[in-house]
Every structure is written in structure tokens, then in C-alpha cells.
Amino acid sequence: MRVLHTSDWHVGRRFKGIDLLDYQRRAFHWLEAVIVDQGVDVLCVSGDVYDLARPSAESAAVFDEAFSSLGATVVNGHPLEIVITPGNHDSARRLGVGSSLMRPNVHMRCRLEDVADPVVINRDGQRLAIYATAY
């Protein structure tokens, strides 16, 4: 089972006054291509999805586009499993809104109460338990 661990996406970050959303959008397309090309089964995103606890509408839209596309990605005949936790730049409550309505292959771990409840992934006779904690 192949796992790709990422963090610190900082969607919405500006650098010296330059808006990076277009660059971030291209980076998400690149990430998806790498996941498919390398046969990644599980994508972990551990914190700092957004650059601010209250992201702009444009930032949320870019993340939504990427997240929707990644959530629909199929690798090796299975949906890509995604595990996301908030970091210190994210608002756990905002990031986790609607998580109960998400696809079965998308796992938001935004509540400290869920720390003892692992995300369990079974693939081709292999079992992986991910214990994810929010910042």
C-alpha cells in the first residue's frame, strides 16, 4: 500500500503581495498526476490546509476544486483514500464542516475526541490504521 504524506498546503497564502492561488491550483493538478502515476493508495494531509483560520472565498473555492477532484480519483481500481487533519493555521471547526456528508473515502479528523478512532484502510489483503490528530 502506498501512502503519500503531505502538509502545509497554506491555500490562500500571499508572498510579498503576490496571490499564489493560480500556482496552488497548478500544484494540485501536479499532485493528482503524481498520485495516479505512482499508484498512491492513501493521501494524508496533516494540517495547515489553509493559510488563515478564516480563508477567503477564493481560497475555499480552490481547495474545493482540488478536494473534489482528489476525492473522485481512482487508483489501482480503488478510490483514493484521503485523511485530513487541521493545523494551527486552520479552524478545525470550519475545516470539518460537512465532514459527515463526505464520500466514504474522505476522512476528516477535526475533533480531538476522534483520536482513538483510527481510519482503517483495507487494500488487497493489507490493513492500515491511521491515528490522526488535529493540531
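The values are calculated or read from the model by the stated rules, or taken from the named source; none is laboratory data. Quick caveat, the model's predicted, so the values are computed rather than measured. Cβ: placed from backbone, ideal geometry, glycine included. Neighbour counts: every protein chain shown. These area figures cover heavy atoms from the full protein model, side chains too; ligands, DNA and RNA do not enter into them. Shrake-Rupley method; radii C 1.70, N 1.55, O 1.52, S 1.80 Å.
Filter the stretch 30-77 down to the residues that are closer than 19 Å to ARG123 by Cβ and open to solvent by 50 Å² or more (accessible area, probe 1.4 Å) and list them by number.
VAL36, ASP37, GLN38, ALA72, VAL74, ASN76, GLY77, listed by residue number.
What pairs can you find where one residue is in the stretch 15-27 and farther than 14 Å from TYR50 by Cβ, the other is surrounded by 10 or more Cβ atoms within 10 Å (Cβ to Cβ), and their Cβ atoms are less than 8 Å apart, with a gap of 6+ or different chains?
Once the first residue is farther than 14 Å from TYR50 by Cβ and sits in the stretch 15-27, its partners that are surrounded by 10 or more Cβ atoms within 10 Å (Cβ to Cβ) give ARG25/VAL62; ARG25/GLU65; ARG25/ALA66.
Got at least one residue in the stretch 45-67 being under 15 Å from LEU80 (Cβ atoms), part of a strand (DSSP E or B) and touching a residue at least 12 places away in the same chain (Cβ under 8 Å)? Even if it seems obvious, please write down each step before you answer.
The first filter runs over the stretch 45-67 and keeps only residues under 15 Å from LEU80 (Cβ atoms), leaving 45, 66-67.
With the extra rule that they be part of a strand (DSSP E or B), the set shrinks to 45.
Then keep just the ones that are touching a residue at least 12 places away in the same chain (Cβ under 8 Å); that gives 45.
For the stretch 45-67, residues under 15 Å from LEU80 (Cβ atoms), part of a strand (DSSP E or B) and touching a residue at least 12 places away in the same chain (Cβ under 8 Å): present.
Which one is nearest to PHE63 (Cα to Cα), of the residues in the stretch 1-14 that are part of a strand (DSSP E or B) and either in contact (Cβ under 8 Å) with a residue 60 or more places away in the chain or charged (D, E, K, R) (or both)?
ARG14
Just to be sure I understand, how many residues within the stretch 34-53 are farther than 19 Å from MET108 by Cβ and polar (S, T, N, Q)?
1
Tell me, yes or no, whether the stretch 107-116 has at least one residue that is touching a Phe, Trp or Tyr at 6+ places or on another chain (Cβ under 8 Å), part of a loop (DSSP other than H, G, I, E, B) and modelled with pLDDT of 75 or more.
Residues of the stretch 107-116 touching a Phe, Trp or Tyr at 6+ places or on another chain (Cβ under 8 Å): 115-116.
Keeping just the survivors that are part of a loop (DSSP other than H, G, I, E, B) gives 115-116.
Filter once more, so that each one left must be modelled with pLDDT of 75 or more: 115-116.
Within the stretch 107-116, one or more residues are touching a Phe, Trp or Tyr at 6+ places or on another chain (Cβ under 8 Å), part of a loop (DSSP other than H, G, I, E, B) and modelled with pLDDT of 75 or more.
For the structure I just gave you, tell me whether VAL119 is at pLDDT 90 or above, hydrophobic (A, V, I, L, M, F, W, C) and closer than 22 Å to ASP8 by Cα. Step through it out loud before you land on a result.
Numbers: at pLDDT 90 or above: yes; hydrophobic (A, V, I, L, M, F, W, C): yes; closer than 22 Å to ASP8 by Cα: yes.
For VAL119, the condition - at pLDDT 90 or above, hydrophobic (A, V, I, L, M, F, W, C) and closer than 22 Å to ASP8 by Cα - is met.
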